[in-house]
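Peer 1: One structure, pasted below without further comment.
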Amino acid sequence: MVLVEYKLHKVSKNGKKAPDFIMDGGYWLSPIDNTMVGLVEAEADRDYYIPDTITSLSRAEFLSRQLTIHASVPMVSRDDEGTETTLTDAQVTEQAGAWYDSFVV
């Protein structure tokens with residue numbers, strides 16, 4: 001599987017959905033450009049078309065994406081009482097890296 005960045009497709013006046021080639025998606029929405037990430041089959045494993053405009057993300061590229069989002073719209077954590085704390089770059093990198101390592105096979 002390959003991690004890709006994509007946007008939703010418009011399917012009706014008010015409806016949107018993930019492109020049909022996204023196997024598992026809807027993760028890490030970017031408020032900067034409304035992209036999110038998801039998985040597609042590796043090119044060697046598929047017999048269908050995926051547009052060339054879809055961006056594949058390596059681990060380093062994914063972490064860079066997350067830090068870019070964080071620089072524009074700071075990511076926060078919430079404690080049990082709902083108090084928000086802004087994450088550090090190191091915390092964003094750690095959380096995103098752990099997600100990537102457990103999710104992208």
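Peer 1: Per residue of the stretch 57-73, in order, report the coupling 6.51 cos²θ - 1.76 cosθ + 1.60 (Karplus, θ = phi - 60°) as ³J(HN,Hα) in whole Hz, putting x for Gly and Pro.
Peer 2: For the stretch 57-73, the Karplus-derived couplings read 10, 6, 4, 4, 5, 5, 4, 5, 4, 5, 5, 5, 4, 4, 5, 8, 10 Hz, x marking Gly and Pro.
Peer 1: Just one of [x] 30, 14, 10; [y] 27, 18, 12; [z] 33, 23, 8 is semi-axes √(5λ) of the Cα gyration tensor in Å as worked out from the coordinates here. Which one is it?
Peer 2: Given [x] 30, 14, 10; [y] 27, 18, 12; [z] 33, 23, 8, the structure-derived one carries the label [y].
Peer 1: Can you sort PHE21, PHE103 from fewest to most other Cβ atoms within 10 Å of each residue's own Cβ?
Peer 2: PHE103, PHE21
Peer 1: Dipole size in debye (nearest 20) for the chain around its Cα centre, Lys and Arg Cβ +1, Asp and Glu Cβ -1?
Peer 2: 540 debye
Peer 1: Could you work out the longest stretch of the chain that avoids the GluC sites (Glu not before Pro) located in DSSP loops with at most 15 other Cβ atoms within 10 Å?
Peer 2: 1-40
Peer 1: Which value in deg cm²/dmol, rounded to the nearest 500, describes the helix-derived mean residue ellipticity at 222 nm for the chain, given -39,500 (n - 2.57) per DSSP H run of n ≥ 4 and division by the residue count? Let's see the in-between values first.
Peer 2: Numbers: 2 runs with 29 residues, N = 105.
Rounded to the nearest 500, the figure is -9000 deg cm²/dmol.
Peer 1: When the Cα centres of the stretch 6-29 and the stretch 30-105 are compared, how far apart do they sit, in Å?
Peer 2: If we compute the Cα centre of each part, the gap is 16 Å.
Peer 1: Measure off 7 Å from each Cα along the Cα-to-Cβ vector at SER56 and GLU41, then give the distance between these two points in nanometres to one decimal.
Peer 2: Those two pseudo-labels are separated by 1.5 nm.
Every number here is computed from the coordinates shown, using simple stated rules; none is lab data. Nothing here was measured: the structure is a model prediction, and the numbers come from that model. Glycine also receives a Cβ, built like all others from the backbone with ideal geometry; neighbour counts cover every protein chain displayed.
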